[in-house]
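What follows is one structure encoded as structure tokens, with my remarks underneath.
The values are calculated or read from the model by the stated rules, or taken from the named source; none is laboratory data. All values derive from a computational prediction rather than experimental measurement. Neighbour counts are summed over all protein chains in view; Cβ atoms, including those assigned to glycine, are modelled from backbone coordinates with ideal geometry. Calculation scope for accessible area: heavy atoms of the full protein, side chains included, ligands and nucleic acids excluded. Shrake-Rupley method; radii C 1.70, N 1.55, O 1.52, S 1.80 Å.
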Amino acid sequence: MPYLQREQNRIYWESLGRGEPVAFLNGILMTVDSWKLQTVEIGQHFRCVMHDFRGQLRSSKPDEPWTLEDHSKDLKALLDHLGIDSCHLVGTSYGGEVGMVFAATWPERVRSLTVIASVSEVGPDTERTVLEWRRAALEDPLSLYRTMLPTTFSPHFVAANPGLIKLGEERLKACKEDFFKAFAGLIDAFCGLDITSSLTKIRCPALVIAGERDLLKPPRYSQIIADGITGSELLVAPGAGHAVVLEQPEWVNWKVIDFVDRH
């Protein structure tokens with residue numbers, strides 16, 4: 001398995017396809033495998049690079065706290081390791097937030113930025129929800145998926161996929177205790193997010209995608225991001241909940257391929 005050793009942390013990564021590089025940045029409960037609905041198709045056009053953030057499934061789970069800025073530095077180290085001077089970034093939720101931090105810090109390394117179902121600041125509604133996720137992870141780990149479900153997927157998607165809860169819970173059963181502790185660390189890092197005032201530092205073309213029925217990070221937060229990044233494009237995925245990349249993968253793929261092609 002490919003790993004990047006960065007300080008005391010091992011960062012798991014994968015790459016597939018050829019052409020201009022596109023780095024995919026995970027949502028909080030995702031792993032590199034979660035992008036398969038995107039990378040199988042997009043990998044026919046571009047080189048897809050994925051990694052698990054520190055604290056996620058295949059990467060190190062530090063005892064000490066970390067920040068979104070630490071994730072951004074890990075990404076820079078990975079791109080340096082792979083000899084990628086600049087790339088397109090595609091991030092969903094937590095990954096979109098890391099992508100914005102990276103693009104504001106190293107604008108010369110980013111050809112384009114796609115931010116999906118993300119926020120640039122943590123409102124009280126979102127904070128209440130993720131702190132409940134944190135509590136579930138530490139106090140009743142196997143309830144985590146069920147706790148997250150109502151604000152992760154649209155009701156229509158849940159109804160159309162009756163095995164969703166069982167599948168999610170089965171996956172969590174395979175996770176060790178350190179996974180849930182690290183999940184709480186990811187929540188803590190997210191709660192420190194406040195980059196709205198830094199969005200003007202992002203100089204690359206940007207595509208902002210919101211889920212119409214996203215209860216966790218509603219479209220108004222995507223509007224804040226679009227307003228803050230000069231010349232950005234804002235799209236709303238009709239009927240989609242927070243997990244846009246899973247609910248409407250073909251729609252997302254088409255939008256990303258078109259946007260990256262243009263830039």
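Of the residues making up the range 142-163, those that are surrounded by fewer than 18 Cβ atoms within 10 Å (Cβ to Cβ), assigned to a helix (DSSP H, G or I) and not β-branched (V, I, T) number 9. For the range 18-51, which residues satisfy the criterion of being open to solvent by 40 Å² or more (accessible area, probe 1.4 Å) and touching a residue at least 12 places away in the same chain (Cβ under 8 Å)? Passing the criteria: R18, G19, E20, L29, L37, E41, Q44, H45, R47.
All conditions but one from (1) of a type in the set (F, W, Y); (2) in contact (Cβ under 8 Å) with a residue 40 or more places away in the chain; (3) over 22 Å from E247 (Cβ atoms) apply to F190; the one that does not is (3). Scanning the range 197-228 for residues that are in contact with a strand residue (DSSP E or B) (Cβ under 6 Å, 6 or more places away or on another chain) and more than 24 Å from H263 (Cα to Cα) yields a total of 2. Looking only at the range 3-43, which residues are assigned to a loop (DSSP other than H, G, I, E, B), modelled with pLDDT of 95 or more, over 22 Å from R109 (Cα atoms) and out of contact with any Lys or Arg (no Cβ under 8 Å at 6 or more places or on another chain)? Within the range 3-43, I28, L29, M30 qualify. Return the residues of the range 130-150 that are free of Cβ contacts under 8 Å to residues at least 12 places away in the same chain and hydroxyl-bearing (S, T, Y); say none if nothing qualifies. Listed by number, the list holds a single entry, S143.
The residues of the range 76-114 that are surrounded by fewer than 20 Cβ atoms within 10 Å (Cβ to Cβ) and part of a strand (DSSP E or B) amount to a single one, R111. Counting residues in the range 115-129 that are open to solvent by 10 Å² or more (accessible area, probe 1.4 Å), part of a helix (DSSP H, G or I), under 24 Å from L4 (Cα atoms) and in contact (Cβ under 8 Å) with a residue 60 or more places away in the chain gives zero.
Residues checked against (1) among the hydroxyl-bearing types (S, T, Y); (2) outside any helix (DSSP H, G or I); (3) open to solvent by 30 Å² or more (accessible area, probe 1.4 Å); (4) touching a Lys or Arg at 6+ places or on another chain (Cβ under 9 Å):
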{"residue": "D188", "(1), (2), (3), (4)": "no, no, yes, yes"}
{"residue": "C204", "(1), (2), (3), (4)": "no, yes, no, yes"}
{"residue": "H242", "(1), (2), (3), (4)": "no, yes, no, yes"}
{"residue": "D258", "(1), (2), (3), (4)": "no, no, yes, no"}
{"residue": "D261", "(1), (2), (3), (4)": "no, no, yes, no"}
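Scanning the range 1-17 for residues that are hydrophobic (A, V, I, L, M, F, W, C) and surrounded by 13 or more Cβ atoms within 10 Å (Cβ to Cβ) yields L4, I11, W13, L16.
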